[in-house]
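Q: Submitted below is the structure of interest, expressed as structure tokens.
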Amino acid sequence: MIARCGCLRARPPAPTCQWRCACAGGGRAIATGALTVATAMAKATTIKEALAKWEEKNGQKASEAKEVKLYGQIPPVERMDESLSTLVNCEKLSLSTNCIERIANLNSLKNLRILSLGRNNIKNLNGLEAVADTLEELWISYNFIEKLRGIRVMKKLKVLYMSNNLVKDWAEFVRLAELPLLEDLVFVGNPLQEKYASDQKNNWIEEATKRVPKLKKLDGILVIKQEEDEEGAN
């Protein structure tokens, strides 16, 4: 039995990033409506530069901050470089809506609990092992992740938002069962979910939670286990 959560909203359309082609290695001009943006000469924003802008805006040293927001840089960030090592007190880091391809340089973030990397060009989860002992929430929707190899090290992870990626096999999905604390998963928009939901209609939630039985919420839907339902009836 499932109970729908009233706070679930329709998923947003896929992002349109005017910098995407430049990030992917194309020195092309991208037309958005009547606006044509030439990206060939655009130089990526470094983490050091993004942190300097954040400090100027917030009047605080990034090294002392518990929350640092570096999302949507223009030009976008392409590399998670060594400047991230200064964020020794950071508990929540946002690098979403950039053009990052690889997770890296998180070793010094010993207090990190929430990491937001949605809307980038990330293809795998390598690099997360550096924060495996502390990370509780990973927001990584709208990327290009097909394989979940290596996610088993995330023993503290409770929340995983990874909608609109490229996972297409149950064999990859079941790796999530290796996460002992995972209870809230957003997976809508992956090929596996789209195909199975289309073929089996309302059975996606049931089939997914059989494979990852500890989930309490999937795609914004509260999951009520059958034994709990039976106990409530007695």
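The values are calculated or read from the model by the stated rules, or taken from the named source; none is laboratory data. Note that the coordinates shown come from a computational prediction; the quantities given were computed from them, not determined experimentally. With ideal geometry, Cβ positions are generated from the backbone for all residues, glycine too; neighbour counts draw on all protein chains shown. SASA here: full protein model, heavy atoms, side chains in, ligands and nucleic acids out. Shrake-Rupley method; radii C 1.70, N 1.55, O 1.52, S 1.80 Å.
Q: Nothing charged except the Cβ atoms of Lys and Arg (+1) and of Asp and Glu (-1): what's the magnitude of the dipole of the stretch 49-101 about its Cα centre? Round to the nearest 20 debye. Each step should come with its number before you reach the end.
A: Numbers: 7 positive and 10 negative charges, 44 e Å.
The dipole of the stretch 49-101 has a size of about 220 debye.
Q: At a Förster distance of 22 Å, what's the computed FRET efficiency of GLU91 paired with LYS155, Cβ-Cβ distance as r, to 0.05? Can you show the working numbers first?
A: Details: r = 18 Å, r/R0 = 0.81.
In this case the efficiency is close to 0.80.
Q: Ok, one more. Starting from the Cα-Cα distance between GLU146 and ASN126, subtract it from 0.36 nm times their residue separation and give me the gain in nm to one decimal.
A: Numbers: separation 20, 0.36 × 20 = 7.20 nm, distance 1.24 nm.
This chain segment gains 6.0 nm when fully extended.
Q: Give me the number: length gained by fully extending VAL174 to SER108, i.e. 0.36 nm times residue separation minus the C-alpha to C-alpha distance, one decimal in nm. If you can, show how the numbers build up before the last one.
A: Values: separation 66, 0.36 × 66 = 23.76 nm, distance 3.02 nm.
Working it through step by step, the gained length comes to 20.7 nm.
Q: What is the Rg over Rh value, at two decimals, for the stretch 69-159, using alpha-carbon atoms and the Kirkwood definition of Rh? It would help to have the intermediate numbers written out before the result.
A: Working: Rg = 12.0 Å, Rh = 13.0 Å.
Radius of gyration relative to Kirkwood radius: 0.92.
Q: With each label point set 7 Å from Cα along the Cα-Cβ vector, what nm distance links LEU166 and LYS216?
A: A separation of 3.4 nm, rounded to one decimal place.
Q: How long are the semi-axes of the ellipsoid equivalent to the stretch 101-234, from square roots of 5 times the Cα gyration tensor eigenvalues, in whole Å, largest first? Display every interim value, and only then the final one.
A: Details: eigenvalues 139, 68, 25 Å².
Taking √(5λ) for each eigenvalue gives 26, 18, 11 Å, largest first.
Q: Between LYS48 and ASP81, what is the label-point separation in nm under the 7 Å Cα-to-beta-carbon projection?
A: Each label point is offset 7 Å from its Cα along the Cβ direction, giving 0.6 nm.
Q: Ranked highest first by average number of other Cβ atoms within 10 Å, how do 55-67, 84-96 line up?
A: Numbers: 55-67: 12.9, 84-96: 19.8.
Ranked by mean Cβ neighbours within 10 Å, highest first: 84-96, 55-67.
Q: Heavy-atom accessible area per residue, the stretch 38-194, 1.4 Å probe: how many Å²? Provide the component values of the computation, followed by the final result.
A: Working: 7280 Å² over 157 residues.
Roughly 46 Å² per residue, with all protein chains present.
Q: Moving to a separate point now. Determine the share of the stretch 60-210's accessible area contributed by carbon and sulfur atoms, expressed in whole percent, with a 1.4 angstrom probe.
A: Working: 3140 of 6780 Å².
On the stretch 60-210, the fraction of accessible area on carbon and sulfur atoms equals 46 percent.
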